[in-house]
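Below is one structure, written out as structure tokens; comments come after it.
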Amino acid sequence: MADLKEVLLEAVKEAGAIVQTYFQGQFTIESKDGINNLVTEVDKLSEDKIITTIKKYYPDHSIISEESGEEKQDSEYQWIIDPIDGTVNFAHGIPLCCISIALKKGNHLLLGTVYNPMMNELFFAEQGKGATLNGLPISVSKKSDFRKACLVTGFPYKWPDEREHPIKVFERFVLEGLPVRRLGSAAIDLCWVACGRFDGFWEYNLSSWDVAAGYLIVEEAGGRITNFDGDAYSVFDKQTLATNGLIHEEMLRLIKNRD
Ligand code: IPD
Ligand code: CA
Ligand code: CA
């Protein structure tokens with residue numbers, strides 16, 4: 001039987017080659033649910049390549065993929081795929097986009113990879129074995145002084161009917177005088193927390209394909225990831241808070257607007 005890690009890496013590299021070939025080139029763009037929620041021809045080509053590769057080795061595994069949905073099989077293995085995370089960036093020629101693939105067995109994430117071919121950055125994690133960037137070990141930042149933290153967030157395409165509107169939460173962090181970035185790819189945001197570029201990331205209303213690989217990468221890099229109540233996180237949660245662990249409580253306090 002083919003090695004799961006090798007199949008994961010083969011799939012992500014093949015998809016990465018496709019994405020890089022089309023980057024800043026010609027491709028069709030359509031709107032999905034909401035005028036700025038885009039899907040390009042390249043999302044579909046990338047996804048087809050990944051699914052074909054996985055099925056070649058593991059035809060009986062389950063798959064959840066952003067553009068083709070869920071294919072359930074009688075298997076405890078489930079691949080979770082975002083063929084391009086940061087499609088709006090990709091469509092505008094902004095090199096902050098990636099392919100994200102994770103493998104889950106039952107309730108446990110086994111493997112995750114996030115690959116940005118435009119920056120030649122391949123993040124990878126295996127449960128219990130740490131996280132790497134281009135093969136070298138990475139870890140979250142050691143910053144404990146929240147006032148000096150550098151943060152990143154994202155906003156949903158459609159405004160959710162939330163009592164705590166995402167802009168209000170964003171405003172609280174900005175009014176604290178903190179630098180808050182918005183890159184446009186949740187998978188990259190998580191990996192940049194994992195490698196210490198950011199100290200914390202939060203976002204509301206992400207999907208499993210946005211977060212699954214990045215979640216494992218953050219955890220294996222020594223970070224902490226929870227929902228906005230500080231509870232154990234699942235890839236199907238609608239609230240994502242990932243930090244270096246040291247500023248987690250401070251971020252929860254501001255997100256929940258507690259004293
Ligand atoms: C999006 C990106 C973005 C986040 C959106 C996601 P997509 O994924 O991760 O950063 O703010 O909520 O939907 O549509 O580019 O795959
Ligand atoms: Ca996505
Ligand atoms: Ca996507």
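For this structure, a couple of remarks:
- Residues (of a type in the set (D, E, K, R), within 11 Å of ligand 1 (Cβ to nearest atom) and within 19 Å of Phe123 (Cβ to Cβ)) located in region 59-106: Glu66, Asp82, Asp85
- Scanning region 103-121 for residues that are of a type in the set (A, V, I, L, M) and either free of Cβ contacts under 8 Å to residues at least 12 places away in the same chain or out of contact with any Lys or Arg (no Cβ under 8 Å at 6 or more places or on another chain) (or both) yields Leu103, Leu109, Val114, Met118, Met119.
- Positions within region 38-68 being under 16 Å from Ala102 (Cα atoms), buried (at least 18 other Cβ atoms within 10 Å of the Cβ) and over 18 Å from the mean Cα position of the chain (by Cα), in sequence order: Lys49, Ile51, Thr53, Ile54, Tyr58, His61
- All positions within region 187-197 that are open to solvent by less than 10 Å² (accessible area, probe 1.4 Å) and within 15 Å of ligand 1 (Cβ to nearest atom): Ala187, Ile188, Asp189, Leu190, Cys191, Val193
- Residue in region 173-195 that is among the polar types (S, T, N, Q) and farther than 23 Å from Ile101 by Cβ present: no
- Among the criteria (1) of a type in the set (D, E, K, R); (2) open to solvent by 10 Å² or more (accessible area, probe 1.4 Å); (3) within 16 Å of ligand 3 (Cβ to nearest atom), the one Asp82 does not fulfil is (2).
- Selected residue (criterion: most open to solvent (accessible area, probe 1.4 Å)) from residues of region 162-186 that are away from ligand 2 (no atom under 16 Å from the Cβ) and closer than 23 Å to Ala221 by Cα: Arg181
- Residues considered: Glu219, Glu203. Of these, the only one that is crowded, with 18+ Cβ neighbours inside 10 Å and farther than 16 Å from Arg253 by Cα is Glu219.
- Cβ-Cβ under 7 Å pairs, at least 6 apart or on other chains, region 163-186 side without any contact (Cβ under 8 Å) to a residue 40 or more places away in the chain, far side away from ligand 3 (no atom under 16 Å from the Cβ) and open to solvent by 60 Å² or more (accessible area, probe 1.4 Å): Val180/Val174
- Within region 69-126, considering residues that are closer than 21 Å to Tyr57 by Cα and part of a loop (DSSP other than H, G, I, E, B), the one farthest from the chain's Cα centre (by Cα): Asp74
- Flag if Lys143 is more than 13 Å from ligand 1 (Cβ to nearest atom), out of contact with any Pro (no Cβ under 7 Å at 6 or more places or on another chain), open to solvent by 20 Å² or more (accessible area, probe 1.4 Å) and over 19 Å from Ile99 (Cα atoms): yes
- Region 222-232: number of residues that are over 16 Å from Arg253 (Cα atoms) and open to solvent by 20 Å² or more (accessible area, probe 1.4 Å): 2
- Residue in region 113-136 that is surrounded by 14 or more Cβ atoms within 10 Å (Cβ to Cβ), farther than 17 Å from Phe201 by Cβ and aliphatic (A, V, I, L, M) present: yes
- Hey, Phe155 under 15 Å from the mean Cα position of the chain (by Cα) and within 16 Å of ligand 1 (Cβ to nearest atom) or not: yes
- Every pair of residues 6+ apart whose Cβ atoms lie under 7 Å, when the first sits in region 85-102 and is of a type in the set (Phe, Trp, Tyr) while the second is within 11 Å of ligand 2 (Cβ to nearest atom) and outside any strand (DSSP E or B): Phe90/Cys97
The values are calculated or read from the model by the stated rules, or taken from the named source; none is laboratory data. This structure is a prediction, so every number in the text was calculated from the model and none was measured. Here Cβ is always computed from backbone atoms with ideal geometry, including for glycine, and neighbour counts include all displayed protein chains. Surface areas here come from the heavy atoms of the whole protein model, side chains and all, with no ligands, DNA or RNA. Shrake-Rupley method; radii C 1.70, N 1.55, O 1.52, S 1.80 Å.
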